[in-house]
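Have a look at the structure below before the remarks.
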Amino acid sequence: MKLVLLGAPGAGKGTQAEIISEKYSIPTISTGNIIRAALKNGTEMGLKAKAYIDSGRLVPDDVVIGIIKERLAQDDCQNGFILDGFPRTIPQAEALDNMNIAIDAALSIEVSDREIVKRMSGRRVCEKCGASYHTEFKKPKSTGVCDACGGTLVIRKDDEPDTVLDRLDIYHKQTEPLKSYYKEQGKLINVEGQNKVEDTTTRVLAALSEI
Ligand code: AP5
Ligand code: MG
């Protein structure tokens with residue numbers, strides 16, 4: 001299974017990727033998580049990306065394409081993978097096609113902008129492993145502590161309300177055209193993601209079982 005997850009910021013890509021990854025025993029590759037980890041570790045790439053990621057703008061294509069090339073060459077990707085947050089522009093999708101990697105499906109999680117803004121205000125992420133929670137919809141067992149690794153849960157810098165609106169704008173302009181791109185290839189699957197996490201999971205797994 002080689003899967004691309006599409007959807008607005010906060011649509012639930014990371015949340016669903018975690019479940020699909022476990023069910024199909026394939027790794028999730030989140031460019032957002034990779035860049036945030038680089039930023040935290042103070043690497044050269046992280047420093048280059050900081051201003052973009054903090055303000056919700058897209059990191060330049062060549063940087064992200066380089067990250068993906070390196071990651072997909074690793075052994076654990078040979079039986080499949082889930083791309084969460086890549087591609088995000090047409091040049092990124094073309095770069096993926098040029099790597100001779102045949103994607104099985106591009107699954108787009110559909111959520112309205114209004115619901116997105118509501119969701120983002122409650123998101124908390126683990127500063128250690130990047131796992132995502134919600135103060136109302138996906139509570140950790142112990143408040144402020146990651147179930148998976150015990151790390152501290154924090155608010156992502158780009159989840160400030162104004163930055164969320166900018167990210168949505170960028171999504172509609174630069175990333176949403178990918179739906180037509182994959183539709184033309186016969187690979188687009190739209191899944192309604194407006195309701196509860198479990199409802200979306202049911203739809204996602206049903207759609208994947210038909211590929
Ligand atoms: P990235 O980390 O990819 O962020 P994003 O796409 O903006 O998406 P999010 O991670 O914010 O949302 P999500 O869809 O994963 O939702 P989640 O499951 O957490 O990218 C961040 C930045 O990195 C970019 O702005 C850019 O600067 C850079 N970047 C990354 N990739 C790049 C690329 N390819 N090119 C250029 N730059 C790149 O869910 C959100 C919240 O809602 C959570 O709290 C969750 O618990 C909750 N939730 C989820 N589903 C539901 C539901 N059904 N009902 C209620 N609550 C729900
Ligand atoms: Mg995410």
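The values are calculated or read from the model by the stated rules, or taken from the named source; none is laboratory data. Because the structure is predicted, anything quoted here is derived from the model rather than measured. Using ideal geometry, Cβ is built from the backbone for each residue, glycine included, and neighbour counts are taken over all protein chains shown. Each accessible area value is taken on the protein alone, full model and side chains, heavy atoms only, with ligands, DNA and RNA left out. Shrake-Rupley method; radii C 1.70, N 1.55, O 1.52, S 1.80 Å.
Checking each residue in segment 97-114 for being out of contact with any Phe, Trp or Tyr (no Cβ under 9 Å at 6 or more places or on another chain) and open to solvent by less than 30 Å² (accessible area, probe 1.4 Å) picks out Leu107, Ile109, Val111. Only a single item in (1) of a type in the set (A, V, I, L, M, F, W, C); (2) touching a residue at least 60 places away in the same chain (Cβ under 8 Å); (3) open to solvent by 40 Å² or more (accessible area, probe 1.4 Å) is not met by Ile82, and it is number (3). Taken together, Leu58, Leu39 contain a single residue that is at pLDDT 95 or above, among the hydrophobic types (A, V, I, L, M, F, W, C) and either open to solvent by less than 20 Å² (accessible area, probe 1.4 Å) or within 16 Å of ligand 2 (Cβ to nearest atom) (or both), which is Leu58.
Inclusion of Val63 among residues that are open to solvent by less than 40 Å² (accessible area, probe 1.4 Å), out of contact with any Asp or Glu (no Cβ under 7 Å at 6 or more places or on another chain) and closer than 27 Å to Glu176 by Cβ is warranted. A search for C-beta distances below 8 Å between a residue of segment 25-52 that is within 19 Å of Arg156 (Cα to Cα) and any residue that is open to solvent by 20 Å² or more (accessible area, probe 1.4 Å) and of a type in the set (Gly, Ala, Ser), counting only pairs 6+ apart in sequence or on different chains, returns Ser30/Gly14; Ser30/Gly130; Gly32/Gly14; Asn33/Gly14; Asn33/Gly130; Arg36/Gly130; Ala37/Gly130; Gly46/Ala37. Mind checking whether some residue in segment 186-197 is under 17 Å from Gly10 (Cβ atoms) and in a helix (DSSP H, G or I)? Yes - at least one qualifying residue is present in segment 186-197.
Inspection of segment 178-196 identifies at least one residue that is in contact with a Lys or Arg (Cβ under 7 Å, 6 or more places away or on another chain) and away from ligand 1 (no atom under 11 Å from the Cβ).
What is the number of the single condition among (1) more than 27 Å from Leu72 (Cα to Cα); (2) within 11 Å of ligand 1 (Cβ to nearest atom); (3) open to solvent by 60 Å² or more (accessible area, probe 1.4 Å) that Gln174 does not meet? Here Gln174 clears every test but (1).
Could you tell me whether Pro87 is more than 16 Å from ligand 2 (Cβ to nearest atom) and surrounded by 14 or more Cβ atoms within 10 Å (Cβ to Cβ)? Judged against the criteria, Pro87 is not a match.
Determine if segment 20-34 includes at least one residue that is of a type outside the set (Lys, Arg), open to solvent by 30 Å² or more (accessible area, probe 1.4 Å), within 10 Å of ligand 1 (Cβ to nearest atom) and more than 24 Å from Ala93 (Cβ to Cβ). No, every residue in segment 20-34 fails to be of a type outside the set (Lys, Arg), open to solvent by 30 Å² or more (accessible area, probe 1.4 Å), within 10 Å of ligand 1 (Cβ to nearest atom) and more than 24 Å from Ala93 (Cβ to Cβ).
The criterion of being at pLDDT 95 or above, in a helix (DSSP H, G or I), of a type in the set (Asp, Glu) and open to solvent by less than 70 Å² (accessible area, probe 1.4 Å) does not hold for Asp76.
For Lys2, the test of being more than 9 Å from ligand 1 (Cβ to nearest atom), free of Cβ contacts under 8 Å to residues at least 24 places away in the same chain and open to solvent by 50 Å² or more (accessible area, probe 1.4 Å) is failed. I'd like to verify a number: residues in segment 1-33 that are assigned to a helix (DSSP H, G or I) and within 11 Å of ligand 2 (Cβ to nearest atom), how many? Going through segment 1-33 one residue at a time, the tally reaches 9.
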